[in-house]
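**Student:** What follows is a structure written as structure tokens; I'll ask about it next.
The values are calculated or read from the model by the stated rules, or taken from the named source; none is laboratory data. Everything quoted here is computed from the prediction, not taken from an experiment. Here the Cβ positions follow ideal geometry from the backbone for every residue, glycine too, while neighbour counts run over all protein chains shown. These accessible areas exclude ligands, DNA and RNA; they are computed on the full protein's heavy atoms, side chains included. Shrake-Rupley method; radii C 1.70, N 1.55, O 1.52, S 1.80 Å.
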Amino acid sequence: AAEAAEAAEAAEAAEAGGAPRSRVRSMAVREAFLAPIAHSCARAGPQLLRLLPGLRGVARLLHAVALAAEPRLTAPVCERLCELADRCRPWRPALPQLTRLLRESLAEGGVPAGQAGRFSFELADVSAQEPRSGPRKGSSFSDAVDARAFESLVLRYAPPWPLQLVFTPALLSQQQRVFALLLRLRRAKWSLETVSVGAGAAGGRCAGSTPLTRLWWTLRSELLHAVHHILAYVTLAVIAAEWRSLLDGLPALSSVDAFAAACARLYERIASRCFLEPQHEAEMRAVDAILALALRLRAQLSDDLAALPAVAHAAAARRWRAELRRSVQLLMRTLRQQPEGRPLSEALDFNSHYGGSEEEA
């Protein structure tokens, strides 16, 4: 019946040489009511930006916490996570305690309690993700040597209304990818800095000086050098530089939409330069191989070195050094093709250690 009425109305309007009455009403509503509202909202862009005094503050807070601009804020919870995985202890049931530890660390670092309470740790839904080869995910033992053991760990932030108009789920998802990479790098660095070799050695120390301990300690030093410079590149050359670029452009932003677009570009640039985009899959594989080798080395040094003959240790150390060399050289070849990646390539090979053949090393 409604379709028949609309058809009759259209036929009547056609005979009269005009538009249907429903279309006329729609045009009248759009021109008389909606257009002035849209024009008023467009003019209120700068005013709306000033009405959101917490906008830039939240951006700085996320930069300090999720992007590790202030590592001291997340150092306790990061160390606790590393300890749980290193001891083959289940960390997933400890998420409430980890969340409480994070909030306490933020409060001690000067973050207001209301803002600190908006952060939490959760588990992502990984059921839809493609299965990865390697140790079974979720196993406490596999977590000790899996560089992506914390892949399902998500740092959540609940922005206060109406800031979720800027800090959208898509934007926070981009930020989470960078946070996951930083957590992998910081874990590898912690694993190498706190490992000990020999009875009575403290964390990060090598007790005694035998050919066997020197062999593994040399590999540990080479790995730590690579991990340190990759982490420094991500935090200083990429994240800090892109953040300064955002701050320099803030005075020119005249609306909330412009601020949201600038934040989106920030995370897109960081993700691209940190090898998180599909076109950088080769670089990320090389980085993951280096991080995984760091965890395997810690597990090796934590065991009784005297349990295997010295010949077996020497052969294993040579294989692992060759594996490190291949990964670093692959990363360097790709970085040298990118102007922004050359500083990291030069830092990794500051003494031409990786520039020669494997026999020369």
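**Student:** Pick out the one residue from L246, L266, L250 that is more than 29 Å from W217 (Cβ to Cβ), at pLDDT below 85, assigned to a helix (DSSP H, G or I) and touching a helix residue (DSSP H, G or I) at 6+ places or on another chain (Cβ under 9 Å).
**Tutor:** After ruling out the rest, the residue left standing is L250.
**Student:** Another question, then. Looking at the stretch 319-335, which of its residues are farther than 13 Å from V287 by Cβ and either of a type in the set (F, W, Y) or buried (at least 19 other Cβ atoms within 10 Å of the Cβ) (or both)?
**Tutor:** W320
**Student:** Let me ask another. Return the residues of the stretch 237-278 that are over 24 Å from L55 (Cβ atoms) and under 14 Å from the mean Cα position of the chain (by Cα); say none if nothing qualifies.
**Tutor:** Scanning the stretch 237-278 gives S272, R273, C274, F275, L276, E277.
**Student:** Among the residues of the stretch 54-69, write down those that are of a type outside the set (V, I, T) and buried (at least 17 other Cβ atoms within 10 Å of the Cβ).
**Tutor:** Hits for the stretch 54-69 are L55, A59, L61, L62, H63, A64, A66, L67, A68.
**Student:** Another question about this same structure. Can you give me the ranges of the helices (runs of 4 or more DSSP H) entirely in the stretch 76-151 with at least 1 residues that are modelled with pLDDT under 90, under 26 Å from R298 (Cα atoms) and open to solvent by 70 Å² or more (accessible area, probe 1.4 Å)?
**Tutor:** Where helices (runs of 4 or more DSSP H) fall fully within the stretch 76-151 and carry at least 1 residues being modelled with pLDDT under 90, under 26 Å from R298 (Cα atoms) and open to solvent by 70 Å² or more (accessible area, probe 1.4 Å), they are 140-143.
**Student:** Counting just the residues of the stretch 253-263 that are in a helix (DSSP H, G or I) and hydrophobic (A, V, I, L, M, F, W, C), which one comes out nearest to S173 (Cα to Cα)? Walk me through how you get there before you give the answer.
**Tutor:** To start, the set of residues in the stretch 253-263 that are in a helix (DSSP H, G or I) comprises 256-263.
Cutting the leftovers down to hydrophobic (A, V, I, L, M, F, W, C) gives us 256, 258-263.
Numbers: V256: 20, A258: 19, F259: 17, A260: 14, A261: 15, A262: 16, C263: 12 Å.
Ranking the qualifying residues of the stretch 253-263, first place goes to C263.
**Student:** Related question: Given the criteria modelled with pLDDT under 85, more than 22 Å from K189 (Cα to Cα) and open to solvent by less than 40 Å² (accessible area, probe 1.4 Å), does A314 qualify?
**Tutor:** yes
**Student:** Can you report the number of residues in the stretch 152-189 which are open to solvent by 30 Å² or more (accessible area, probe 1.4 Å), among the hydrophobic types (A, V, I, L, M, F, W, C) and either at pLDDT 95 or above or not in a helix (DSSP H, G or I) (or both)?
**Tutor:** Here the count works out to 2.
**Student:** Another one. Report yes if E340 is in a helix (DSSP H, G or I), open to solvent by 10 Å² or more (accessible area, probe 1.4 Å) and modelled with pLDDT of 90 or more, otherwise no.
**Tutor:** no
**Student:** If we scan the stretch 225-243, do we find a residue that is open to solvent by less than 40 Å² (accessible area, probe 1.4 Å) and farther than 29 Å from V58 by Cβ?
**Tutor:** yes
**Student:** Write out, first by first residue and then by second, each pair whose Cβ atoms fall under 7 Å of each other, whose residues are 6+ apart or on separate chains, and whose first residue, in the stretch 258-280, is closer than 21 Å to I230 by Cβ and free of Cβ contacts under 8 Å to residues at least 40 places away in the same chain while the second is open to solvent by 10 Å² or more (accessible area, probe 1.4 Å) and charged (D, E, K, R).
**Tutor:** L266/E242; R269/E242
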